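Just so it is clear, none of the values below were taken in a lab; they were calculated from the coordinates. Bear in mind that the values here come from a model prediction, so they are computed numbers and not experimental data. Cβ placement follows ideal geometry from the backbone for every residue including glycine, while neighbour counts extend to all protein chains displayed.
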Amino acid sequence: MNIRTQLEKIKKASREMAFLENIQINKALLSLANNLRLSSDLIISENQKDLDKMDQSHPNYDRLLLDSNRIESMASDIENITDQVFPLAKVLDRKTLDNGLELKKVSVPLGTVGVIYEARPNVTIDVFALCLKSGNTCILKGGSDAEKSNQCLVQIIKDTLKQSGLNSDIIQLLPSDRQAAIDLMHAEDFVDVLIPRGSQNLINSVRENSKVPIIETGAGIVHTYFDKEGDIEKGKQIVFNAKTRRVSVCNALDCLIVHQDRLADLPELIKALENKEVQVYADESAYNEIKGKYSANLLHLANADSFGTEFLSLKLSIKTVDSFQDALDHIHQYSSKHSEAIISENSDRIKRFFTAVDAAVVYSNTSTAFTDGAQFGLGAEIGISTQKLHARGPMGLQELCSYKWQVSGDGQTR
């Protein structure tokens with residue numbers, strides 16, 4: 001099937017979505033969750049074919065991996081989505097004008113959502129489930145790294161749709177080659193919005209070349225600032241969790257900023273990272289404080305490339321600052337506006353941090369690992385938007401909706 005045919009099929013199928021009811025959608029989604037569990041061995045087998053082509057040391061290896069626990073998590077996320085409030089046909093506002101016209105502002109789907117993504121096959125399931133629940137069709141362009149995994153998952157989705165009496169054309173998986181991405185970016189007559197998920201290079205390419213309106217889900221260059229009034233016990237737990245819980249995700253910690261008055265506490269603050277063999281790239285002040293108290297083969301002097309980098313691996317940079325303002329300035333210079341955190345017992349400073357830091361999610365005294373749609377109670381996410389128009393932060397069902405005005409009259413003319 002050529003891409004033009006796929007685009008025409010999904011455009012036609014999109015018109016049917018408006019008449020689906022929540023009970024039909026939930027029934028299909030629950031069937032999909034069940035079918036994923038039943039197909040676990042097949043999914044793992046197809047995923048292994050993709051894994052066999054990738055070096056295990058590659059940062060994307062962990063993103064690509066599907067095992068029984070992750071398949072169960074995907075199925076559970078689908079069930080969580082069915083529990084969410086149906087986002088469509090909600091009256092967001094209403095008014096009656098002096099001339100008697102009755103106006104209603106009503107939530108509607110975006111239409112057809114395109115997603116270009118790299119080696120994360122779980123995105124295939126999350127995107128479809130969120131799109132179906134919000135009345136959208138979806139057209140997916142995954143990377144070649146996850147080709148077999150994505151093909152397997154989309155076939156399970158299509159089989160489930162047929163079993164549920166729904167049109168299987170509401171999801172389309174494009175070929176994994178570069179030309180398919182170009183065709184999708186130029187499909188403004190068929191696709192209402194395009195969402196890139198992946199590296200900064202991918203996001204930049206889509207932003208620069210797409211004729212379809214895009215929602216940016218930016219790379220995560222994540223900082224945590226340990227303030228001069230930070231609690232060391234909280235800090236140890238937060239830094240360890242934010243860096244090591246899962247290193248290949250966009251909310252993982254990349255740069256620890258430390259106030260100079262707390263340099264003496266730095267070895268204790270990062271001590272647990274040594275057990276996970278985290279490579280530390282510290283500026284001169286931090287390096288001198290840590291030297292001899294952290295494995296020599298894991299400690300390095302930072303250079304210009306150590307900051308403003310999304311590592312996606314067991315690497316962490318450390319920056320020493322003279323003041324709270326210096327910390328804000330460093331974040332402003334290097335942040336990707338994804339997730340930023342402060343560890344402090346000073347409530348005024350936390351308030352200033354929340355106000356001054358320009359990011360989709362800002363935290364105090366907790367791990368940035370919580371930047372996630374499921375953790376935010378959204379069921380799942382279609383991405384973490386780092387832009388400011390339409391959506392920001394974890395994007396769930398509400399962010400996949402627009403609205404239209406319904407105007408009812410009784411013969412009024414203007």
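Treat every Asp and Glu Cβ in region 222-370 as -1 and every Lys and Arg Cβ as +1, leave all other atoms uncharged, and give the resulting dipole magnitude about the Cα centre to the nearest 20 debye.
Values: 17 positive and 22 negative charges, 102 e Å.
Magnitude of the dipole: close to 480 debye.
The HN-Hα couplings worked out from phi for region 371-377 by the Karplus form 6.51 cos²θ - 1.76 cosθ + 1.60 (θ = phi - 60°) are 6, 6, x, 5, 5, 7, x Hz, whole numbers, x standing for Gly and Pro. In region 13-154, a dipole from Cβ-located charges (positive for Lys and Arg, negative for Asp and Glu) runs towards its positive end, and of 33, 82, 60 it is 82 whose Cα lies farthest in that direction.
Using the Cα centre of the chain as the reference point, and only Cβ charges (+1 on K/R, -1 on D/E), how large is the resulting charge dipole? Debye, rounded to the nearest 20. Please list the in-between numbers first.
Details: 47 positive and 56 negative charges, 221 e Å.
With Lys and Arg at +1 and Asp and Glu at -1, about 1060 debye.
Normalising the average separation of contacting C-alpha pairs (under 8 angstrom, six or more residues apart) by the number of residues puts the relative contact order of the chain at 18 percent.
Counting neighbouring Cβ atoms within 10 Å and putting the fewest first, the residues 256, 389, 202, 299 line up as 389, 202, 299, 256.
When region 222-370 is described by a simple charge dipole with +1 on each Lys and Arg Cβ and -1 on each Asp and Glu Cβ, the residue from 230, 263, 275 located farthest towards its positive end is 275.
Explain nothing, just the number: dipole magnitude of region 320-400 about its Cα centre with +1 on each Lys and Arg Cβ and -1 on each Asp and Glu Cβ, in debye rounded to the nearest 20. Don't skip to the answer; put the middle values down first.
Values: 6 positive and 10 negative charges, 45 e Å.
Roughly 220 debye, rounded to the nearest 20.
Under the combined filter of DSSP loop state and at most 15 neighbouring Cβ atoms within 10 Å, region 308-369 retains these GluC sites (Glu not before Pro): 345. Unpaired cysteine residues in the chain (no second Cys Cβ under 4.7 Å): 152, 250, 255, 401. The residue list 316, 92, 116 was ranked by how far each Cα lies along the charge dipole of the chain toward its positive end, using unit charges on Cβ atoms, and 92 comes out on top. Dividing the helix sum by the residues of the chain, where each DSSP H run of 4 or more adds -39500 (n - 2.57), gives a mean residue ellipticity at 222 nm of -11500 deg cm²/dmol. Nearest-5 percent of antiparallel DSSP beta bridges in the chain? Bridges in the chain that DSSP calls antiparallel: roughly 25 percent. Between the labelled values (i) 72, 47, 40; (ii) 77, 61, 37; (iii) 87, 52, 38, the entry that holds Cα extents along the principal axes in Å as derived from this structure is (ii).
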